[in-house]
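The values are calculated or read from the model by the stated rules, or taken from the named source; none is laboratory data. Remember, predicted model here, so these are calculated numbers, not experimental data. Neighbour counts are summed over all protein chains in view; Cβ atoms, including those assigned to glycine, are modelled from backbone coordinates with ideal geometry.
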Amino acid sequence: MPAARVVSLVPSLTEAVAVTVPGALVGATDWCSHPADLDGLGVARIGGTKNPDVAAVVALAPDLVIANEEENRLADLAALRGAGLEVLVTEVRGLDQAFAELSRVLAACGGPARPQWLADAEDAWSEPPRPGPRLRAAVPIWRRPWMVLGRDTFAADLLARLGVDNVYATHAERYPRVPLEELRAAGPDLVVLPDEPYRFTREDGPEAFPGLPAALVSGRHLTWYGPSLREAPEVLSAALSAAGR
């Protein structure tokens with residue numbers, strides 16, 4: 001039976017449910033920023049993705065809690081299950097898996113498995129990459145210490161589909177810590193700097209890679225799997241082009 005009351009612990013899934021089945025969403029994290037009118041929909045805030053208020057979630061009496069194996073902690077998910085709540089945990093390591101997981105989540109929340117925005121996103125990503133030589137990029141996601149995209153990540157899959165390969169795609173870790181000197185020595189053609197989870201800006205990030213083109217990209221379009229996927233190819237391609245892609 002589809003869930004009538006849903007709590008989301010993942011910002012991108014919050015947006016997907018809110019846009020598709022707005023009446024079902026009763027709780028979301030403090031980091032859930034889309035859609036912009038989320039608070040106006042009467043959605044309760046239940047803490048962060050890494051530190052949700054379990055008691056607050058339980059008090060909302062949801063039929064379903066949606067989470068992600070990477071964004072949420074096992075201990076919190078276990079506590080929610082221990083309180084008798086049903087928890088649906090997604091796993092997203094690439095674009096195709098994201099599309100499949102979105103369909104699964106939306107169907108569980110009482111919505112269509114393939115709403116128009118999801119069909120549009122699939123169509124947008126079906127276009128072949130723009131002709132031209134492939135580039136190699138380092139993709140930091142944090143500094144102090146420096147951390148980058150490693151193996152088997154959703155964001156790296158999106159970039160690869162746009163003709164940009166992750167320098168650390170074969171690293172043993174998914175989000176390794178890499179000293180800045182090693183990042184520079186890896187010989188990337190450019191550095192891709194998203195504005196989340198660390199907020200890289202023109203004044204904070206590019207200066208660490210002198211002489212290297214820097215693409216400042218929208219973290220929502222690079223790392224979120226939801227309605228933003230419709231315009232992500234265009235938005236990301238524009239940012240990469242501005243950096244000389």
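Listed values, structure above:
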quantity: From the options Arg143, Arg73, Arg151, Arg104, residue that is out of contact with any helix residue (DSSP H, G or I) (no Cβ under 7 Å at 6 or more places or on another chain), surrounded by fewer than 19 Cβ atoms within 10 Å (Cβ to Cβ) and under 21 Å from Asp30 (Cα atoms); calculated: Arg73
quantity: Some residue of region 201-214 being assigned to a loop (DSSP other than H, G, I, E, B) and of a type in the set (Gly, Ala, Ser); calculated: yes
quantity: Single residue of region 172-189 satisfying the filter (surrounded by 18 or more Cβ atoms within 10 Å (Cβ to Cβ) and under 27 Å from Glu71 (Cβ atoms)) that is modelled with the lowest pLDDT; calculated: Leu183
quantity: Members of region 76-98 found to be more than 19 Å from Leu25 (Cβ to Cβ), surrounded by 13 or more Cβ atoms within 10 Å (Cβ to Cβ), free of Cβ contacts under 8 Å to residues at least 60 places away in the same chain and under 15 Å from the mean Cα position of the chain (by Cα), listed by number; calculated: Gln97
quantity: Total residues in region 215-245, condition in a helix (DSSP H, G or I), polar (S, T, N, Q) and under 13 Å from the mean Cα position of the chain (by Cα); calculated: 2
quantity: Which listed residue is charged (D, E, K, R), within 30 Å of Ala59 (Cα to Cα) and touching a strand residue (DSSP E or B) at 6+ places or on another chain (Cβ under 9 Å), from Arg177, Arg104, Arg136; calculated: Arg104
